[in-house]
Structure formats: C-alpha cells, structure tokens
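Values in this text are rule-based calculations from the coordinates and carry no lab data. Small disclaimer: the values here were computed from a predicted structure and weren't measured. Please note: Cβ atoms are built from the backbone with ideal geometry, for glycine as well, and neighbour counts cover all protein chains shown.
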C-alpha cells in the first residue's frame, strides 16, 4: 500500500488517524507520548495527504479512508488494534468500526465533526462551506486562501492565520477543502452499525457547542454517552498537549482489557 507510514514503540498496537489539514508529521509528538505508555503506535498520511498516494483520491471520503486503514492494520500485522481518530479522523475511525469490525479493536473518535448526525446537519454544512466554495469560485485553485476562509468561519473570525500551526497546516489545505469538508464530515452512520462495546466518542471538558451536540447525537446512535476527558481543554489537545490523550488512551485500554479478560499494558 502506497501510504506514508510511521511506527514506534512496543506493545499492543494503536493506530492514529489525523484530521483535516493535518498529516502524520503533526502527530509525531502524540505518537511518541502514547508509545511511552507501552504501545506500538502506527500513524500515517491519509490518502491524498503528505507523502501518501493520490490514486483514486478524493474518492469516497470516509469509507475509502476506512478501507485504507483496515488494509494498513493487516499489512502491519496489527488487526485488533486500538484506533484513535482525531477530529475528521474520528469520522474515519467510526467508519472503520462500521465497515471493518474485524480489523479494529476499540475505536476512539475524538470530537468527530460528523455533521450528518445533526437535525438539519446538511443545511448547516452547506452554510459553513458556502464561503469557501465562493472563494474557490472567484480564486480557482487558491487552497491556502480557502483554508483561511474555513478557519475564519469555524473560529468566528478569531483564528490567528499567522500562527506556526496554521502555517504548518497550509500545506494540507487542498486535502481539507476537497476531502474532509465536502465528503468526510457528511458521512452517514446507520443505527446499529456501531457497537458500544467497541466504539467510544470522546470530548474535552468544555467542548465547542457543535462538537458537544454531535457527540451527544453519536452517543445516542451508538447506545453509549460520550466520554469526557477532564484534562482536555482544547479541540486540538493532541497537537498541543499530547500527554493528555496518551494518558486517557492508556487508562481506557486498561479498563477495556479488564472488562474483556485480556492483557493490555497501561
């Protein structure tokens, strides 16, 4: 498989799936923090991003990325791994759980922007993406500019467009605008497709209201309420304070292992 893949650590396998405008490099610190807890961590550039192939991209959105993730797990001899997806990567992780239940073990979706689960979610999505679409209509191919418009819309105009994090993400702007925004965030989930024994939706202590509502709706769909990570105070906590979700994942894995009579290293 032509995906740019990284691995580190020893122990039970964990697969990380990055979000919009991100790539594997942005997850390096998070991967190392989880590996330090006693896990073998696998992370990669999603198809269409970074050093991975663009063949067949953007394709089917979340289902296509879920198929890639399942194939990668088998390629890495890591079937049954814990899967942690961040933001839109969380939508991919949920699609993986639904489409390939034998490939992943526990799936954790961190504040996934699955707008389709909201009443009127498609109308809300159209409202959100309209300014980006208009920018691209008048500035064809200006992915960086459209990405700046996206950040402005999502932050209510508060985004610092000159910050190092934004500058780093600009290289993945096209993927965010062609894949995450129009496809992944609109992925539909059928009731009964996600098992509460295998799927967890996680949110921070004070999530953005939109993320909070989506998490509640997903929890209703799954049959288990979202789990609150008390020490997480930011949607992108995995980029700023990787030890927070590393600790959460280790505790979650230990609890799940105890519940199922399996061995897991905290």
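Data for the structure
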item	result
Nearest-ten-degree value, helix 62-75 long axis tilted from longest Cα axis of the chain	40 degrees
Nearest-0.05 FRET efficiency for residue 254 and residue 8, computed from C-beta distance (R0 30 Å)	0.90
For the range 121-180, convex hull volume per residue from C-alpha positions, Å³	82 Å³
P(r), alpha carbons of the chain - 5 Å bins starting at zero, rounded %	1, 6, 14, 19, 21, 18, 12, 6, 2, 1, 0, 0
Mean separation of Cα contacts under 8 Å (6+ apart) over length of the chain, as relative contact order %	21 percent
Helix 143-155 vs. the chain, principal-axis angle (Cα, 0 to 90°, nearest 10)	70 degrees
C-alpha long axis of helix 242-260 to longest principal axis of the chain, angle in °	40 degrees
Hypothetical label at residue 124: residues of the range 161-196 whose amide nitrogen lies under 11 Å (7 Å Cα-Cβ projection)	none
